1. Through the Karplus equation 6.51 cos²θ - 1.76 cosθ + 1.60, θ set to phi - 60°, convert the phi angles of the stretch 189-202 into ³J(HN,Hα) values in whole Hz; use x for Gly and Pro.
2. How far apart, in nm, are the 7 Å Cα→Cβ label points at Gln292 and Phe397?
3. Lys427 to Glu375: extension gain in nm, 0.36 nm per residue of separation minus the Cα-Cα distance?
4. So what's the net charge close to Arg59: Lys and Arg +1, Asp and Glu -1, counting the other residues with Cβ under 9 Å from its Cβ?
5. Which whole-Hz ³J(HN,Hα) couplings does the stretch 230-242 yield from phi under the Karplus relation 6.51 cos²θ - 1.76 cosθ + 1.60, θ = phi - 60°, glycine and proline marked x?
6. State the number of lysine pairs found in the chain whose Cα atoms come within less than 24 Å, restricting to pairs 8 or more positions apart or on distinct chains.
7. At R0 = 30 Å, how high is the FRET efficiency between Glu323 and Glu248 if r is their beta carbon distance? Nearest 0.05 is fine.
8. Summing Lys, Arg as +1 and Asp, Glu as -1, what charge do residues with Cβ under 13 Å from the Cβ of Phe390 carry, Phe390 excluded?
Amino acid sequence: MYIFRILIICISVLLLSSSAPKDYYDGLKLSDEELLELVQYHTFQYFWDGAEPNSGMARERYHVDGIYPRNDKHIVTTGGSGFGIMAIVTGIERNFITREEGVNRLSQIVDFLITADRYHGVWPHWLDGETGKVSPFSRYDDGSDVVETSLLIQGLLTAKQYLLQGDSHEKKLAARIDELWREVQWDWHLRDNEDVLYWHWSPNHEWRMNHQIRGYNECLITYILAASSPTHPIPASAYHFGWARDGEIKTHTSQYGYTLTLKHNRGGEYGGPLFWAHYSFLGLDPRNLEDQYANYWEHNVNHTLINRAYCIENPLGFEGYHEYSWGLTSSYSPTGYASHSPVNDRGVITPTAALSSMPYTPEYSMQVMRYFYEELGDRLWGKYGFYDAFSISENWFPQRYLAIDQGPIVVMIENHRSGLLWDLFMKNPEVSDGLRKLGFISF
């Protein structure tokens, strides 16, 4: 069976490279496991074949047409690279690459991160992959980004546990990752010892962005890692009074028969964009995760089901929404990058929404994957897997990719198939200590 899957992958690569006709997608019928393998393989290539060559990091974006909003072919994303690191571990385990190849790439990334710009141990959102210098994300966002750093550290700690199982060379690389983890000054982002984390700090503008991180959104992992730090931890009070808003994060709202127990920022009763159920949970295992505010598995499942039910109901009447085509999350749109959700619906379906929800809704997400691959075919499928987003209403199928949307597809499909990344990340003893510190009663 494994040999057959690899043969299918090789056939698909040859066909794609020769401008495969539409009937290829209709004619080549794959089992669920073969299709999962194929999607993982091609999406993984964004972080392997498509990586920035000097740093090994994940490019912020890749446009097939070569047209970019700015000259950013060498701009790499720190958070997206955290996802990419987890994709590389997956690639080794799935034999997409050899272990030696994967370890060499991880070493290249760590070498780059050691010398790249950091501020109090915290990396910026974007870096120039050729120089390691900060590339401003916006006018005042030219310094440290503690949320993107947490997404990067989530990937690094996952890789560290994987490397600890290896030879002396791999263990040395794991020790270098541990040094980077210990150097992050999470408590610096409490500003003046306030009981809330601030997202940004700039050497030029200091706290000008003034963005407090309060839940619920994608930033749960930021507070957990900050509390788990062995060197620069934040107090538990910052989690409860800052993130959880002194208990005001709790709610009890229902849509389509599914209940949300956390109050979503900007998401209302329908929940926010679906990446909120993905980013924090690429390594953080939600299957048994519970604290005084939520059971996170139940919450993420219900968030996904509400998003799906909304698309099926399709109250705004967009073409192309149905039980096999759903999923609203942040992505490209015909008018630029947008945070799609039931309260900000622009008729755009984003493949990462349903596909990265595979652990939560495996049957429904598999239906979506099969529809995208077999029915939309080469309008939506390219060498790095499914393109970032599409709108049938607008006849809009841009051949573009974003790292932060491709990464969760590889990782969450693997967590669905084997639990690999969840198991590795949760083996970090500091994370267990941090969860206990914050009052998690099950994890």
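1. Whole-Hz 3J(HN,Hα) from phi for the stretch 189-202: 7, 7, 6, 9, 6, 6, 8, 7, 7, 9, 5, 10, 9, 10.
2. Here the modelled spin labels are 5.2 nm apart.
3. Gain on extension, Lys427 to Glu375, equals 14.7 nm.
4. Around Arg59, the surrounding residues sum to -1.
5. x, 10, 9, x, 9, x, 4, 4, 5, 5, 6, 8, x
6. 14
7. Result of the calculation: an efficiency of 0.30.
8. -3
Bear in mind these aren't lab numbers, they're just calculated from the coordinates by the rules spelled out. Being a predicted model, the structure only gives us computed values, none of them experimental. Heads up, the Cβs are rebuilt from the backbone with ideal geometry, glycines too, and the neighbour counts pull from every protein chain shown.
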